[in-house]
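Some notes on the structure that comes next.
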Amino acid sequence: MKASAFVYPWDVAGDPRAPARIASLGAGQVTLASAYHSTRALTPRHPRHRIVTAEHAAVLYPPGDRWAGRALRPYPAGRWAPGDAYGEAAGALAAAGLEVHTWVVLAHNSRLGAEHPDTSVVNAYGDSYPWAPCIAQPATRAYLVDLAAEAAVRPGAHGTELESLGWYGLQHLHAHDKTSGVGLGDAGQYLMSLCFCPSCGAGYGEQGLDPGRLAAGVRAALEPLWRGAADDGGWPAVEKLLGEDTAAATRAWRDTVARTLQEEAVAAVRAAAPEGFQVLLHADPVPYHCGANTGVDPAHILSVADGVVVPCTGGTALLAPFAERAGGRTVLAANLTVVTGMGGSPGTLAADAARARAEGATEVRLYHVGLASDDDLAAVREALPVR
């Protein structure tokens, strides 16, 4: 069973021992970040640092000429990943015998929202989400499609994994996040993630909805949840709170926006890539979900991309909807956290991978070998004969 290990360029650049150490795990492939959001990351074995603070979303290579004169363009990394940090790390990993695939974060960018606030999702109360670009806006879509193509198809890469290629919403760990005081549940998260920017307002209008009345309806639907009412969960709760027809109309707009963006971005990557280049999406089989693992319709996305990477830490239930639609060459990669301090279980990796394979997974992903302790990595080495 093929395995790939997630890696940041700063895990490798400046550490001559890192490529051999990663290769010794036995995965055979790495998924190396080429465009990533802001983060604070541990580097427990690096000879020059222990903490890397990526201050903003950035590309980890020098951006190309296509961005000249454009208002929306990717930001180069600062001192945490100077120059072509991605290229340096990719070359070292390939020299150690590892197949390199890119890891590209797209519609998740706080600096873009801070410098271009009109690009952000705006909720029914008028609050802006600077971390969440609205994927309905034409300029934002053009930026994301071009970023996908450039960041995915780096020299020597054999494939890519596209993260956050869809709607991002309320749920986001954001700078000392303090938003969990009220349990909004699945339905409340959806309602708080509906966008009311001018582009989305026009889109709701195309579905026969008045955006002002819809926003008022969303606020009214949320009011009991703010007071602590239980959310009975799932799409039926959204239909109960908004009304079936209104809920369906919001989904019709949002699903169309997400699907067409995914089609355009994957097509752009394929047009820029060499033959045989693999394109995967980080995905959730519940279409109205938002976030890094974007909500998708399994049948649609597997007709567009070569496969999906599915979160499986804590259980493999999300694999089944994809497995039911998968063809013979479809990649279904089960993403398993192998960092004990982040809720992972490297000691049960072999059993977890076997369970995922039984549920239809064809590959596993190891999140995240750069963040893991030596003991965690030792457990991964012991488990990887799952191949």
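Here are a few things to note about the model shown:
- Acute angle (nearest 10 degrees) that the helix 244-272 long axis makes with the longest principal axis of the chain, alpha-carbon atoms: 30
- For Val339, the residues 5 or more places off, or on other chains, whose built amide H falls under 5 Å of its own are Gly344, Ser345, His368.
- Counting only protein heavy atoms and using a 1.4 Å probe, the accessible area of Val380 comes to about 0 Å².
- Gain on full stretching of the segment that runs from Arg227 to Asp65 - 0.36 nm per residue minus C-alpha separation: 53.2 nm
- Largest to smallest principal axis extent of the C-alpha atoms in region 96-236, angstrom: 56, 31, 30
- Counted over the chain, the DSSP beta bridges are approximately 20% antiparallel.
- Note on the chain: semi-axes of the ellipsoid equivalent to its C-alpha gyration tensor, largest first and rounded to whole Å, are 34, 24, 20.
- Relative contact order, percent, region 289-387 [alpha-carbon distance under 8 Å, six or more residues apart]: 26
- Percentage, to the nearest whole number, of Cα pairs in region 1-102 over 18 Å apart: 47
- Compared with the dominant principal axis of the Cα atoms in the chain, helix 211-226 is inclined by about 70°.
- For region 234-294, averaging the sequence separation of C-alpha pairs within contact (under 8 Å, six or more residues apart) and dividing by the residue count gives a relative contact order of 21 percent.
- Looking at region 211-342, the pairs of alpha carbons with a distance over 18 Å make up 63% of the total.
- Across the chain, the mean sequence separation of Cα contacts (distance under 8 Å, 6 or more residues apart), normalised by length, yields a relative contact order of 17 percent.
- For region 132-148, the residues whose amide N sits under 12 Å from a probe point set 7 Å from the Cα of Asp118 along the beta carbon direction are 138-140.
- Cα→Cβ-extended label distance, 7 Å offset, between Ala216 and Ala378, nm: 6.6
- At q = 0.15 Å⁻¹, base-10 log of I(q)/I(0) for region 16-62 (Debye sum, equal scatterers on each alpha carbon): -0.53
- Under 19 Å from the Met1 label point (7 Å along Cα→beta-carbon), backbone N, region 350-375: 350-369
- Per-residue HN-Hα couplings for region 276-292 [Karplus 6.51, -1.76, 1.60; θ = phi - 60°; Hz; x = Gly/Pro]: x, 5, 8, 10, 10, 10, 6, 9, 10, x, 9, x, 8, 6, 10, x, 4
The values are calculated or read from the model by the stated rules, or taken from the named source; none is laboratory data. Just so it is clear, the structure is predicted and the values come from calculations on it, not from any experiment. Note that we place each Cβ from the backbone using ideal geometry, even for glycine, and neighbour counts take in every protein chain shown. Please note that ligands, DNA and RNA were not included when accessible areas were found on the heavy atoms of the full protein model with its side chains. Shrake-Rupley method; radii C 1.70, N 1.55, O 1.52, S 1.80 Å.
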